[in-house]
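See below for the structure under consideration.
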Amino acid sequence: MPTPNIRLATEADAQSIAVMSRCLIELGLRGWSWNPPRVARAIRSRDTCVVVAEVEHQAAGFAIAEFSDTRMHVSLLAVEAAQQRKGIGRTLMAWLEQSALTAGISTVQLELRANNPGAKFFYQALGFDFVGKVPGYYRGEETAFKMRKVIGARDASTLKQ
Ligand SMILES: CC(C)(COP(=O)(O)OP(=O)(O)OC[C@H]1O[C@@H](n2cnc3c(N)ncnc32)[C@H](O)[C@@H]1OP(=O)(O)O)[C@@H](O)C(=O)NCCC(=O)NCCS
């Protein structure tokens, strides 16, 4: 199984990332929330990390995560259907978690569609806990599951300063 190469996205990736979002994550929802202009804005944003997983020089998956002082929020993560169950999603999340740890972030949060059991199993396999439901989170129509993972604790000595 080839190891995916994880790299930062550029604006040239906005279209293909947006299409993956529409086809793999937003499927069946009204409208196209993460359309190419929105993805391009995320790629330009200093607080957002957009990464692409490549297999044999082809985009096979991506993730978008927002960073605050103490938390990383994973907005989107998906792997092309033909490339699923090969460890690419796990590799994308490991890359993001390592970046978050380097930035001193201790908690990762995300939401997923409640009717997506495969994603729930995936995040549970990666150590995320279910922390609640948000009715109507998606377009006012669909419930989200909130999940969270603690990836590191702040050093008590730095908190005193
Ligand atoms: C969820 C998703 C990102 C997982 O990516 P992936 O590359 O297939 O996942 P991995 O191969 O890294 O899986 C890691 C582990 O997660 C678990 N897992 C992943 N997909 C699973 C599924 N459909 N059912 C049950 N467990 C699953 C397994 O334990 C797996 O390890 P294993 O294959 O050794 O058993 C991918 O299925 C996907 O893109 N789905 C559509 C979009 C989506 O739902 N995104 C998440 C919400 S934003």
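Run the helix sum for the chain: -39,500 (n - 2.57) per DSSP H stretch of 4+ residues, divided by residue count, reported at 222 nm to the nearest 500 deg cm²/dmol. Each step should come with its number before you reach the end.
On the way: 5 runs with 45 residues, N = 161.
Here the helix-only value at 222 nm equals -8000 deg cm²/dmol.
So what does the Cα-only Debye profile of the chain read at q = 0.08, 0.10 Å⁻¹, as log10 I(q)/I(0), no solvent term?
Here the Debye-derived log intensity ratios amount to -0.23, -0.36.
Only Cα pairs under 8 Å and at least 6 apart count here; give the relative contact order of region 40-161 as a rounded whole percent.
Details: 191 pairs, mean separation 22.8, N = 122.
Normalised by residue count, the contact order of region 40-161 is 19 percent.
When ranked by the protection proxy of mean other Cβ atoms within 10 Å per residue, highest first, what sequence do the peptides 60-66, 49-55, 95-101 form? Display every interim value, and only then the final one.
Working: 60-66: 23.3, 49-55: 21.1, 95-101: 17.9.
Descending packing order for the listed peptides: 60-66, 49-55, 95-101.
Given 4 °C and 1.567 mPa s, how large is the Stokes-Einstein diffusion coefficient of region 1-74 in µm²/s, with Rh as the Kirkwood radius over Cα pairs? Kindly include the intermediate steps, with their values, before the conclusion.
Numbers: Rh = 12.9 Å.
Using the Kirkwood radius from Cα pairs, D works out to 101 µm²/s.
Could you please state how large a percent of the accessible area of region 11-161 is carbon and sulfur, counting protein chains only and using a 1.4 Å probe?
Numbers: 4160 of 8250 Å².
Carbon and sulfur atoms account for 50 percent of the accessible area of region 11-161.
The values are calculated or read from the model by the stated rules, or taken from the named source; none is laboratory data. Since the structure is predicted, the reported quantities are computational estimates derived from the model, not experimental observations. Every residue, glycine as well, gets a Cβ built from its backbone with ideal geometry; the counts of neighbours run over all protein chains shown. Heavy atoms of the whole protein, side chains included, go into the accessibility calculation; ligands, DNA and RNA do not. Shrake-Rupley method; radii C 1.70, N 1.55, O 1.52, S 1.80 Å.
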